[in-house]
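A short write-up of the structure that comes next.
The values are calculated or read from the model by the stated rules, or taken from the named source; none is laboratory data. Predicted, not measured: the structure shown is a model, and the values here were computed from it. In this analysis, Cβ positions are derived from the backbone assuming ideal geometry, glycine residues included, and neighbour counts consider all displayed protein chains.
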Amino acid sequence: MAEQSAARLEGDRYQHLYSWYELLRLLDEDSPYEYGYVEHPDAGSADDVTLHPKADSNKPARYIQIKWHVDQRDTYSFTNLTEVLSGTRSLLHKLFDSWKELKKNGAVEVWLVSNWSSAPELGRFLRARDNNFSDDFFTCTSRSQAGRARTNWMKQLGATEQELLEFCRDLRLRLGFAGIGDFEEMVDERMGRYGLRMGPDARAKAIDEVRHWIEIGGNKKRVTREVLLDVIHRRELRAAAIDIPAVSLWIHGWGKMAFDRPPSIELDWTSHFDRATRTIPGQAVWYHDLFPQLQRATEKLLAQPNGTYVDFRGKLPLTAVLAVGAKLSEVAGFKLRAQQPTRGETFLWRSDVPISERTFQTREETYDGEGQDILIAFCITGEALTDVRTLAAELAGQLKALVYAEPDNGTGDAAVTNNADAVALAVRAKEVIREMRNRYRANQIHLVLYAPATFCLFLGQRLNAVGNVTTYERTAAGGYQCSVIIPTG
């Protein structure tokens, strides 16, 4: 009983999802359909979801029967379409009787949609482009397998040869349709095309609405474009508008590459960086060349309409990304969008999104001596306490304390999975820097970053009024080397 109930629920879910998929056609501004129905009261056995054309449309009404099977143990063939499994009529007979009644009101298409595929002897006569029978089905000899099937169909349906011809012309067999997983992706694609949210939550809300229409019954099962728009508004299914920055900044560091949109400003720093050897520019290069280039780029961006919303692209060391963020600062009015590779996918993360609850857990180690500085390490992508302690030993005599910070959900590639987390940790990192600088009355901050590049970019934007920040970059040997010193005021 439990397995039967699970199969029935799975079938209902598939049917409701398919109904939503078809009804979305009503959202087209030039849709040929005026309204749809779920479980149409007068559609017989082709009632699961129906679409009804506008008066000035030459489209036939579409009546759809959906058959879900939990496994692929069988296929649809000439024979089993006419098998009587329950009651007194076969599946084909039920569709034929429904078609005879429905066509009295005008042109119709009767659809059978199922995840079971067609047997070869049937499938060879179904056109892939429209799921309709090919002419060969009607012209093959009566001695052929298809010819014998026609004769058997006429006998079982009580149809004339002309009636069978007309019925098969209006019949659509969409067999071998997608399983639930693949179909969910298809639904997401269609919802995305209409500017709707995608994913499990959005689909669950849509299925819930279809189920609600069926449960209430009556006129609630009649769905118009206005009904769909009300559902989209009420269930918050409209996707956030994609806000594309008006300007873009490319900076080439580790290597030169093209990105997905042309740059407004492009800086080539590849002569100063070498990824294989982890070569990075010295402070003199930053002061006399790279910082002035950034300053000029900032001025050019500000001079352009909507130039404070910047699409940033670049392959750079983390400390260089931090320096770029510091120049495109939040206090100057900049907001940024940048690419972030995460678990095999590349996302566009923004610096101005509402933040999550993500925060840092910190540990402090203090040192005796005359040191006046502090070393702060933000380790998100992985654990690096041993390496950071090695760096602290190299800075012996300069440091009052080491502050080591990891996300409250632990390190690793799952620590930051969206821009809300990245911005939250950037905000919290700025607070940690300011809090620790005041606590230890530090002359200078030494900073280590083991984190996603966008976190470094967003943190750089918020580095203000904490004095000079000396950053450190990994070496080819695995230790740390002094990188850019960022003046923050």
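Remarks
- Checking each residue in the range 388-421 for being assigned to a helix (DSSP H, G or I), buried (at least 19 other Cβ atoms within 10 Å of the Cβ) and at pLDDT below 95 picks out ASN419, ASP421.
- For the range 330-354, a residue qualifies if it is more than 19 Å from LEU449 (Cβ to Cβ) and of a type in the set (Val, Ile, Thr), and the qualifying residues are VAL331, THR346, VAL353.
- Checklist (1) under 24 Å from ASP188 (Cβ atoms); (2) outside any loop (DSSP other than H, G, I, E, B) applied to GLN293, failing item: (1)
- Set side by side, the residues ALA240, ALA276, ALA246 differ, and just one is of a type in the set (A, V, I, L, M) and more than 21 Å from TRP349 (Cβ to Cβ), which is ALA276.
- Taking the criterion of being part of a helix (DSSP H, G or I), of a type outside the set (D, E, K, R) and within 24 Å of VAL331 (Cβ to Cβ), the residues of the range 438-476 that qualify are ASN438, ALA453, THR454, PHE455, CYS456, LEU457, PHE458, LEU459, GLY460, GLN461.
- Count of residues meeting criterion [part of a strand (DSSP E or B) and without any contact (Cβ under 8 Å) to a residue 60 or more places away in the chain] in the range 371-380: 0
- Test for ALA326: is it part of a helix (DSSP H, G or I) and within 14 Å of ALA426 (Cβ to Cβ): yes
- Residue check for PRO281: in a loop (DSSP other than H, G, I, E, B), surrounded by 14 or more Cβ atoms within 10 Å (Cβ to Cβ) and in contact with a helix residue (DSSP H, G or I) (Cβ under 6 Å, 6 or more places away or on another chain): yes
- Residue in the range 464-477 that is closer than 20 Å to THR390 by Cβ, of a type outside the set (Ser, Thr, Tyr) and surrounded by 24 or more Cβ atoms within 10 Å (Cβ to Cβ) present: no
- Here ILE180 meets each of (1) surrounded by 18 or more Cβ atoms within 10 Å (Cβ to Cβ); (2) under 37 Å from the mean Cα position of the chain (by Cα); (3) in contact (Cβ under 8 Å) with a residue 60 or more places away in the chain with one exception, condition (1).
- Residue check, HIS52 in contact (Cβ under 8 Å) with a residue 60 or more places away in the chain and more than 17 Å from LEU175 (Cα to Cα): no
- Cβ-Cβ contacts under 7 Å between residues 6 or more apart (or on different chains), taken from a first residue in the range 412-424 that is in the same structural domain as ARG462 (by TED's automatic domain parsing) to a second residue that is of a type outside the set (A, V, I, L, M) and in a helix (DSSP H, G or I), are listed as VAL416/PHE455; ALA422/THR454; ALA422/PHE455; ALA422/PHE458; VAL423/PHE458.
- Residue list for the range 329-351, filter: in contact (Cβ under 8 Å) with a residue 60 or more places away in the chain and either over 22 Å from ASP260 (Cα atoms) or in a loop (DSSP other than H, G, I, E, B) (or both): SER329, GLU330, VAL331, PHE334, ARG343, SER351
- Selected residue (criterion: farthest from LEU449 (Cα to Cα)) from residues of the range 364-387 that are among the small types (Gly, Ala, Ser) and surrounded by fewer than 21 Cβ atoms within 10 Å (Cβ to Cβ): GLY369
Every residue, every condition in (1) touching a helix residue (DSSP H, G or I) at 6+ places or on another chain (Cβ under 7 Å); (2) closer than 30 Å to LEU26 by Cα, yes or no:
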{"position": "GLN145", "(1), (2)": "yes, no"}
{"position": "ARG150", "(1), (2)": "yes, no"}
{"position": "ASP170", "(1), (2)": "yes, yes"}
{"position": "LEU173", "(1), (2)": "no, yes"}
{"position": "PHE177", "(1), (2)": "no, yes"}
{"position": "ARG190", "(1), (2)": "yes, yes"}
{"position": "GLY195", "(1), (2)": "no, yes"}
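- Scanning the range 196-236 for residues that are assigned to a strand (DSSP E or B) and either under 12 Å from TRP20 (Cβ atoms) or at pLDDT below 95 (or both) yields LEU196, VAL223.
- When every residue of the range 437-458 is checked against the conditions, at least one turns out to be modelled with pLDDT of 95 or more, touching a Cys at 6+ places or on another chain (Cβ under 6 Å) and either crowded, with 18+ Cβ neighbours inside 10 Å or outside the structural domain of VAL331 (by TED's automatic domain parsing) (or both).
- Residue in the range 244-258 that is nearest to the chain's Cα centre (by Cα), counting only those that are assigned to a loop (DSSP other than H, G, I, E, B) and under 17 Å from LEU328 (Cβ atoms): PRO245
- Exactly one residue among ASP368, ASP311 is assigned by TED's automatic domain parsing to the domain that holds ALA453 and either assigned to a loop (DSSP other than H, G, I, E, B) or within 19 Å of TYR404 (Cβ to Cβ) (or both), and that residue is ASP368.
- Qualifying positions in the range 24-45 - of a type outside the set (Gly, Ala, Ser) and over 21 Å from ASN58 (Cβ atoms): LEU24, VAL38, GLU39, HIS40, PRO41, ASP42
- Scanning the range 115-134 for residues that are assigned to a loop (DSSP other than H, G, I, E, B), surrounded by fewer than 16 Cβ atoms within 10 Å (Cβ to Cβ) and over 35 Å from the mean Cα position of the chain (by Cα) gives ARG124, SER134.
- From the list LEU102, LEU112, the one residue that fits, being more than 35 Å from the chain's Cα centre (by Cα), buried (at least 20 other Cβ atoms within 10 Å of the Cβ) and not aromatic (Phe, Trp, Tyr), is LEU102.
- Failed item, numbered, when VAL187 is tested on (1) over 12 Å from LEU17 (Cβ atoms); (2) among the hydrophobic types (A, V, I, L, M, F, W, C); (3) assigned to a helix (DSSP H, G or I): (1)
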